[in-house]
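Undergrad: Got a structure for you, written out below as structure tokens; questions coming shortly.
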Amino acid sequence: MDRTVGKELNLAPLQDWGEETEDGAVYSVSLRRQRSQRLSPGERPGGSQAPNRAADAFLHYRTSKVRALRAAPLERLVRELVSGDREQDPGFVPAFLATHRAFVPTARVLGLLLPPPPPPLPSGVKIKKTEGQELNFNKNLRAVVSVLGSWLRDHPQDFHDPPAHSALGSVCTFLGWAAPGGAEAKEANRLLGDFLEEAEREQEEEEQPDPWAGPPGAAQTWPSSPEGCMEEEEGFQGFVPKGPELLDFSVDEVAEQLTLMDVELFSRVRPCECLGSVWSQRDRPGAAGTAPTVRATVAQFNKVTGCVLGSVLGAPGLASPQRAQRLEKWIRIAQRCRELRNFSSLRAILSALQSNPIYRLKRSWGAVSREPLSTFRKLSQIFSDENNHLSSREILSQEEAVEVPQQEDTPRGSLTSKLSSGPVPYLGTFLTDLVMLDTALPDMLEGDLINFEKRRKEWEILARIQQLQRRCQSYCLSPHVPILAALRAQRQLSEEQSYRISRVIEPPAASCPSSPHIRRHISLTKRLSAKLSREKGSSPGGSPRDPSSPTSSLSPGSPPSSPKTKDPPLGTPTASPGPRGPSTKLPLGPDIPGPRAQALPLSGPHVPLSGQQSSDTRVIRVSIDNDHGNLYRSILLTSQDKAPSVVQRALQKHNVVQPGAQDYQLFQVLPGDRELLIPDNANVFYAMSPTAPEDFVLRRKEGARHPPSLSLT
């Protein structure tokens, strides 16, 4: 339909209209207004001349109806791949292909998508088809071939099913009679050959020894106690590998090699492995091979943090000025990673420098020069918890907008080509968003319909990952074998070993005997009393301070000695830089307190993501305090949930069967290295601090050593 409207009227280009149901599928309907050609002076819409020039004051718009599939059974979704209108809904096919493994196997989709081959006919027998039947048959075949072409090109690993690769074999068979000699058939056959060659190479590599593995018995071991550290301090030199150490190389060389490794790993990431429903299953029994490309990126992230910890703590006999030089060099490497737009290694280095074993070394930090200390504080603000990691998101978006010059215009390895490439993102940002999205939105809607609106939102994030992967191809860096060898040979310390060695380097002060990583537990009594008092008698205009908000939280970039800090956390060094000292458990992704998912429009009941919580629901993240690191799981919390049910659901998310919920205590992690103890029978929604991050931790009651609870006044 056409409309003629006033020139000054501001119309939205797309307006939500409602929903439609057709053949068991639910469509969202929008009205799209497109501006038509402007009428010339004195011309009527029909082309005739008007007696005056009044028509010049109007614009001509065309309004069209746009439908997008929102929910449907599986068979209807597969049919939409072939019969859908790609002009009206161009995002359906790429969204389905990128996310289908979250709700259906590839083989099942192919079984519904591929038509059977025409039956062989006896000699001399022909089946007559009308012209319309022939056209429809050929049209459907062309649509299926087109979908397979996009699938093979954009998601080839979906067909990797060794050793037979039966799904890919069925595709080759179909294309052999439906589009013989076409580009799609050639691509399918090439991919099958690549898979078979890859299997042969892997078998050969398994039979060859690892070139980086040392001789038998050469594994590095570390003392398990501070006394052992002191006794074997002289023996630390025996752990130094042959050849130069990592910090013997220049800042530029180390940062560029870290970037090269991150680029290679990020480019190999399969976006579908980042889906919350896939990544959250990685710790279940029998899921050791889940998301291998994401696991490789996680391993590299943890390897970098381990290199920082090992190089700074690996020589307890160093004087404070010497250790400060190592800190300064890692800060310069982090700054160089920022210049190279490598946010992955940047985050890994900062996480290690902010970890408790390094953060608590106040004498070493006191010897760091002013300029690198200022640089460290500025870099730390990029991933600050104070602003929900908004800075890192904004910076990444700005970096994506930078034009990448053509590679032929810049010499390989030149400074310009290095600075204009990328960026390499911190993958944990996207993993967190996808896990939060998977937690907040249901997979199925009423009537056993697949919630495809959820898959569209997931596709928006996966499409951004793919876009960043394409931009990473513009990096022009060459491997430097000695540095890569030093990276692999760098000694790695466990969390417990790092902390013990740190206490040997700088023993705890007599006035502050508590361990830095122990947080003070805050009693709920006064906070709940104050809450009830405010609800009953506070004035509408008043805004009393929440007693649960820690008085010792630090502003980003300000040292603990800042005047803003009235009550520094236990064990916090007065000369340490940075906003705070987080735990040393540093796995990547949604398993660590990290970037929160931005609020997304949801279908069905409004279930908010972190960062925009509704009045009666929140998405919280719960970890278990054990030896496996801070692996977080997301849980939807309502205003009716008591602590036992929250603990039970968290244990189920972590695949913990024994012991039961009654053996665990729930704590909310607060800023300033503090914790809020949630009583066993409390309503978690009202007991938690509303101003603190939605991060919780479970600890065993039996044998747990907690400091006495403290009340904030």
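The values are calculated or read from the model by the stated rules, or taken from the named source; none is laboratory data. Since this is a predicted model, take the numbers as computed values, not measurements. Because the Cβ atoms are built from the backbone with ideal geometry, glycine has one as well, and the counts that use them run over all protein chains shown. All accessible areas refer to the heavy atoms of the entire protein, side chains included, with ligands and DNA or RNA removed. Shrake-Rupley method; radii C 1.70, N 1.55, O 1.52, S 1.80 Å.
Undergrad: Which of the residues spanning the range 137-156 are surrounded by fewer than 16 Cβ atoms within 10 Å (Cβ to Cβ), in contact (Cβ under 8 Å) with a residue 40 or more places away in the chain and not small (Gly, Ala, Ser)?
TA: Residues satisfying the conditions are ASN140, ASP154.
Undergrad: Still on this model: Exactly one condition in (1) open to solvent by less than 30 Å² (accessible area, probe 1.4 Å); (2) part of a helix (DSSP H, G or I) is false for ARG456; which is it?
TA: (1)
Undergrad: (1) at pLDDT below 95; (2) within 30 Å of LEU191 (Cα to Cα); (3) open to solvent by less than 90 Å² (accessible area, probe 1.4 Å): which one isn't true of PRO120, the others all being true?
TA: Among (1) at pLDDT below 95; (2) within 30 Å of LEU191 (Cα to Cα); (3) open to solvent by less than 90 Å² (accessible area, probe 1.4 Å), PRO120 violates only (3).
Undergrad: Do we find a residue being of a type in the set (S, T, N, Q) and at pLDDT 95 or above anywhere in the range 85-103?
TA: Yes: one or more hits.
Undergrad: Which numbered condition trips up LEU677, out of (1) part of a strand (DSSP E or B); (2) open to solvent by less than 40 Å² (accessible area, probe 1.4 Å)?
TA: Condition (2) is where LEU677 drops out.
Undergrad: Within the range 493-507, which residues are in a loop (DSSP other than H, G, I, E, B) and open to solvent by less than 70 Å² (accessible area, probe 1.4 Å)?
TA: Answer for the range 493-507, where residues must be in a loop (DSSP other than H, G, I, E, B) and open to solvent by less than 70 Å² (accessible area, probe 1.4 Å): LEU493, SER494, GLU506.
Undergrad: Can you tell me which residue within the range 620-653, out of those that are closer than 27 Å to GLY428 by Cα, open to solvent by 30 Å² or more (accessible area, probe 1.4 Å) and outside any helix (DSSP H, G or I), is modelled with the lowest pLDDT?
TA: Checked the range 620-653; the qualifying residue modelled with the lowest pLDDT is HIS628.
Undergrad: With the structure loaded, tell me whether GLN322 is in a helix (DSSP H, G or I), without any contact (Cβ under 8 Å) to a residue 24 or more places away in the chain and assigned by the TED database to the domain that holds GLN469 or whether it fails that test.
TA: yes
Undergrad: Further, regarding this structure: Mind checking which residues of the range 257-295 are under 24 Å from LEU247 (Cα atoms) and among the hydrophobic types (A, V, I, L, M, F, W, C)?
TA: Listed by number, the residues that qualify are LEU258, LEU260, MET261, VAL263, LEU265.
Undergrad: Out of everything in the range 370-384 that is open to solvent by less than 10 Å² (accessible area, probe 1.4 Å) and among the small types (Gly, Ala, Ser), what residue ends up being nearest to the chain's Cα centre (by Cα)?
TA: This residue is SER384.
Undergrad: Please go through the range 251-290 and give me each residue that is of a type in the set (S, T, N, Q), in a loop (DSSP other than H, G, I, E, B) and open to solvent by less than 40 Å² (accessible area, probe 1.4 Å), ordered by number.
TA: SER280, THR290
Undergrad: Can you pull out the residues in the range 465-483 that are in contact (Cβ under 8 Å) with a residue 40 or more places away in the chain and either within 21 Å of LEU427 (Cβ to Cβ) or β-branched (Val, Ile, Thr) (or both)?
TA: ILE465, GLN466, GLN467, LEU468, GLN469, ARG471, CYS472, GLN473, SER474, TYR475, LEU477, ILE483
Undergrad: Another one. Identify, by number, the condition in (1) part of a helix (DSSP H, G or I); (2) surrounded by fewer than 22 Cβ atoms within 10 Å (Cβ to Cβ); (3) of a type outside the set (A, V, I, L, M, F, W, C) that THR305 doesn't meet.
TA: For THR305, the failing item is (2).
Undergrad: So is GLY243 among the small types (Gly, Ala, Ser), outside any helix (DSSP H, G or I) and modelled with pLDDT of 50 or more or not?
TA: Answer is yes for this residue.
Undergrad: Across the range 325-342, which residue is farthest from ASP252 (Cα to Cα) among those that are part of a helix (DSSP H, G or I) and open to solvent by less than 10 Å² (accessible area, probe 1.4 Å)?
TA: For the range 325-342, the residue satisfying everything is LEU327.
Undergrad: Here's another thing I want to ask about it. SER166 is checked against (1) under 29 Å from ASP85 (Cα atoms); (2) open to solvent by 50 Å² or more (accessible area, probe 1.4 Å); (3) hydroxyl-bearing (Ser, Thr, Tyr) and fails just one. What number does that condition carry?
TA: In the conditions (1) under 29 Å from ASP85 (Cα atoms); (2) open to solvent by 50 Å² or more (accessible area, probe 1.4 Å); (3) hydroxyl-bearing (Ser, Thr, Tyr), SER166 misses (1) alone.
Undergrad: Could you pull out the residue among SER374, SER364 that is closer than 23 Å to SER494 by Cβ and either outside any helix (DSSP H, G or I) or out of contact with any Gly (no Cβ under 6 Å at 6 or more places or on another chain) (or both)?
TA: On inspection, the qualifying residue turns out to be SER364.
Undergrad: In this structure, is THR293 free of Cβ contacts under 8 Å to residues at least 40 places away in the same chain and not in a loop (DSSP other than H, G, I, E, B)?
TA: For THR293, the condition - free of Cβ contacts under 8 Å to residues at least 40 places away in the same chain and not in a loop (DSSP other than H, G, I, E, B) - is met.
Undergrad: Any idea how many residues of the range 356-369 are closer than 10 Å to GLU328 by Cα and surrounded by fewer than 16 Cβ atoms within 10 Å (Cβ to Cβ)?
TA: Number satisfying all stated conditions: 1.
Undergrad: Could you figure out which of (1) at pLDDT 75 or above; (2) over 27 Å from THR293 (Cα atoms) isn't true of SER397?
TA: (2) is the only condition that SER397 fails.
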